[in-house]
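Read through the structure below, which is laid out as structure tokens, and then see the notes.
The values are calculated or read from the model by the stated rules, or taken from the named source; none is laboratory data. These numbers were taken from a predicted model, which means no experiment stands behind them. Note that each Cβ is placed from the backbone with ideal geometry, even for glycine, and that neighbours are counted across all protein chains shown. Surface accessibility is based on the protein's heavy atoms, side chains included, excluding ligands, DNA and RNA. Shrake-Rupley method; radii C 1.70, N 1.55, O 1.52, S 1.80 Å.
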Amino acid sequence: QVKLLQSGAALVKPGASVKMSCKASGYTFTDYWVSWVKQSHGKSLEWIGEIYPNSGATNFNEKFKGKATLTVDKSTSTAYMELSRLTSEDSAIYYCTRDFYYFDYWGQGVMVTVSS
Amino acid sequence: AIVLNQSPSSIIASQGEKVTITCRASSSISSNYLHWYQQKPGAFPKLVIYSTSYRASGVPSRFSGSGSGTSYSFTISRVEAEDVATYYCQQGSSNPYTFGAGTKLELK
């Protein structure tokens, strides 16, 4: 069955960076885009961007350009997102999703807390 | 960006009641690209309806969707206790993909 297993919660200092992972299983990793979605506490969902593992092609929400970097490791079927220059506004849960016009499978989420 | 206006923001319903959520887009969307998700407290979102009216795998038949252009709706024909959640519409028609603000469904 399709699974997306994300890395654990992170506590990071303002100004630092954080890199999280999303390991896919149960399907051909290179056949589907992987999207990343942000959910701030108690709020709605924001699409950050997507990456196509086969080619490494990316598309971003303009709001997150310069903030998020998306990469993949095809050998381990793992997608990564790095967030840079973190502020309190980046404290949120971040989900990876399999992207096939719609988000049909989701990871369990990574809670990122930005605090000194 | 396409803005999705969801209403109502919250619903209190009795078990067995029919509930409908509407999602109005700021620009016309192909029905292929309008989807609905369910998020239970403390859990990740789950796809419920894709491409306006198709139920995702394993989703009970009491869930349905319809619409076209800028106006879409999501219906639970007979609410059950397990349906307590926040529901979001989402458009995948144009970058950035956007979500509605959510509708929180509670039981009376």
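Odds and ends about this structure:
- Subset of the stretch B:40-57 [surrounded by 14 or more Cβ atoms within 10 Å (Cβ to Cβ) and among the hydrophobic types (A, V, I, L, M, F, W, C)]: B:Phe44, B:Leu47, B:Val48, B:Ile49, B:Ala56
- Of all the criteria given as (1) free of Cβ contacts under 8 Å to residues at least 40 places away in the same chain; (2) open to solvent by 30 Å² or more (accessible area, probe 1.4 Å); (3) within 12 Å of the chain's Cα centre (by Cα), the one not satisfied by B:Gly67 is (1).
- Scanning the stretch B:43-69 for residues that are within 14 Å of chain A (Cβ to nearest Cβ) and of a type in the set (D, E, K, R) yields B:Lys46, B:Arg55.
- Going through (1) within 14 Å of chain A (Cβ to nearest Cβ); (2) out of contact with any Gly (no Cβ under 8 Å at 6 or more places or on another chain); (3) over 16 Å from B:Pro45 (Cα atoms) one by one, B:Tyr72 falls short only on (2).
- Criterion: in contact (Cβ under 8 Å) with a residue 24 or more places away in the chain, in contact with a Lys or Arg (Cβ under 7 Å, 6 or more places away or on another chain) and within 14 Å of another protein chain (Cβ to nearest Cβ) - qualifying residue of B:Ala85, B:Ala101: B:Ala85
- Subset of the stretch A:38-51 (residues that are more than 8 Å from chain B (Cβ to nearest Cβ) and not charged (D, E, K, R)): A:Gln39, A:Ser40, A:His41, A:Gly42, A:Ile48, A:Gly49, A:Ile51
- Qualifying strands (runs of 3 or more DSSP E) (wholly inside the stretch B:6-108; at least 2 residues being modelled with pLDDT of 95 or more and of a type outside the set (Gly, Ala, Ser)): B:10-13, B:19-25, B:34-39, B:46-50, B:71-76, B:85-91, B:103-107
- Residues in the stretch A:99-116 that are within 14 Å of another protein chain (Cβ to nearest Cβ) and either open to solvent by less than 60 Å² (accessible area, probe 1.4 Å) or polar (S, T, N, Q) (or both): A:Asp99, A:Tyr102, A:Phe103, A:Asp104, A:Trp106, A:Gly107, A:Gln108, A:Gly109, A:Val110.
- Flag if B:Ser28 is more than 11 Å from the chain's Cα centre (by Cα), within 26 Å of A:Asn61 (Cα to Cα), surrounded by fewer than 15 Cβ atoms within 10 Å (Cβ to Cβ) and in contact (Cβ under 8 Å) with a residue 12 or more places away in the chain: yes
- Checked across the stretch A:14-28, the condition of being within 12 Å of another protein chain (Cβ to nearest Cβ), without any contact (Cβ under 8 Å) to a residue 24 or more places away in the chain, surrounded by fewer than 19 Cβ atoms within 10 Å (Cβ to Cβ) and not aromatic (Phe, Trp, Tyr) holds for no residue.
- Among the conditions (1) surrounded by fewer than 15 Cβ atoms within 10 Å (Cβ to Cβ); (2) within 19 Å of B:Gln38 (Cα to Cα), A:Ser55 misses just one, which is (2).
- In the stretch A:53-98, of all residues being within 14 Å of chain B (Cβ to nearest Cβ) and of a type in the set (Ser, Thr, Tyr), the one that is nearest to A:Ser25 (Cα to Cα) corresponds to A:Thr97.
- The residues of the stretch A:29-43 that are buried (at least 18 other Cβ atoms within 10 Å of the Cβ) and either under 17 Å from A:Ile93 (Cα atoms) or among the β-branched types (Val, Ile, Thr) (or both), listed by number, are A:Val34, A:Ser35, A:Trp36, A:Val37, A:Lys38, A:Gln39.
- Just one of the listed residues (B:Tyr97, B:Tyr37) is within 13 Å of the chain's Cα centre (by Cα), open to solvent by less than 70 Å² (accessible area, probe 1.4 Å) and not small (Gly, Ala, Ser), namely B:Tyr37.
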